[in-house]
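Okay, so here's the structure we're looking at.
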Amino acid sequence: MAKLKIHYYPDKVLARRAEPVTVFGPELEKLSKDMLETMEAHEGVGLAAPQVGVSKRLLVLHEPDGETMCLVNPVIEESEGREYGEEGCLSLPQMYARVARATHIKVRAQDVLGTPFEFEAFDFLARIIQHECDHLEGVVFPDRLDVFTREEVLEQYEIVRRRLTKGARQRV
């Protein structure tokens, strides 16, 4: 059972634009499976490669009641609609805020073998994809908030982060 380490904000890998994937095949497939396993172990619905310290344009997701997906080099071609919804992030544990996202997107991506595909996503699936694509651009969800809400979320996160760090030191 290969569980990868989640990188927490403000780790530098989360602030960088990820590089395109150019090598496809078994190693990429293994990474995507390990990412799915890690995401599920942390009870998430999406995970981008930078969140596990890999600065590549790769994300995995599993919408409740949907299928698992792996998107390589995803691009959101079109978006429409706008809705606020509660978001959290595995890289900012225990933090949540209402974030505006498009309700309908058209996506172009590749699979782990490099085969291109396109699809449309709506509502929660669209939200997951937009959130994870943000990670590929070096954006975390507080960056999408107004300045006052962002400051409040990051202040709360600092308290949580200190508590988590203290707990990790005590376990060693």
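The values are calculated or read from the model by the stated rules, or taken from the named source; none is laboratory data. Given the structure is predicted, the values throughout are model-derived calculations rather than measurements. Positions of Cβ are backbone-derived with ideal geometry, glycine not excepted, and every protein chain shown enters the neighbour counts. Note: areas computed on protein heavy atoms with side chains; ligands, DNA, RNA excluded. Shrake-Rupley method; radii C 1.70, N 1.55, O 1.52, S 1.80 Å.
Find how many whole Å separate the alpha carbon centroid of the range 19-37 from the alpha carbon centroid of the range 140-154.
Between the Cα centres of the range 140-154 and the range 19-37 lies a distance of 31 Å.
What is the spread of the Cα atoms of the range 1-57 along each of their three principal axes, largest first, in whole Å?
29, 28, 16
To the nearest 500 deg cm²/dmol, what mean residue ellipticity at 222 nm is calculated for the chain from DSSP H runs of n ≥ 4 alone, each contributing -39,500 (n - 2.57), summed and divided by the residues?
-11000 deg cm²/dmol
Scan the chain and hand back the longest stretch that contains none of the GluC sites (Glu not before Pro) lying in DSSP loops with at most 11 other Cβ atoms within 10 Å.
On the way: sites that count: Glu43, Glu67.
Looking at the chain, 68-172 is the longest stretch - no exposed GluC sites (Glu not before Pro) with at most 11 other Cβ atoms within 10 Å.
Rounded to the nearest percent, how much of the accessible area of the chain (1.4 Å probe, protein heavy atoms only) is carbon and sulfur?
50 percent
Write down, largest first, the equivalent ellipsoid semi-axes of the range 18-88 in whole Å, where each equals the square root of 5 times an eigenvalue of the alpha-carbon gyration tensor. Walk me through the numbers before you get to the answer.
On the way: eigenvalues 91, 55, 26 Å².
Each semi-axis is the square root of five times an eigenvalue, giving 21, 17, 11 Å.
Largest first and to the nearest Å, give the Cα extent of the chain along each principal axis.
Computed over the Cα atoms, the extents are 45, 39, 30 Å.
In square nanometres and to one decimal, what's the mean projected area of the convex hull around the Cα atoms of the range 88-136?
4.1 nm²
Taking only protein heavy atoms into account and a 1.4 Å probe, give the accessible area per residue of the range 68-118 in Å². Write down the numbers at each step before the final one.
Working: 2660 Å² over 51 residues.
Accessible surface, normalised per residue, equals 52 Å².
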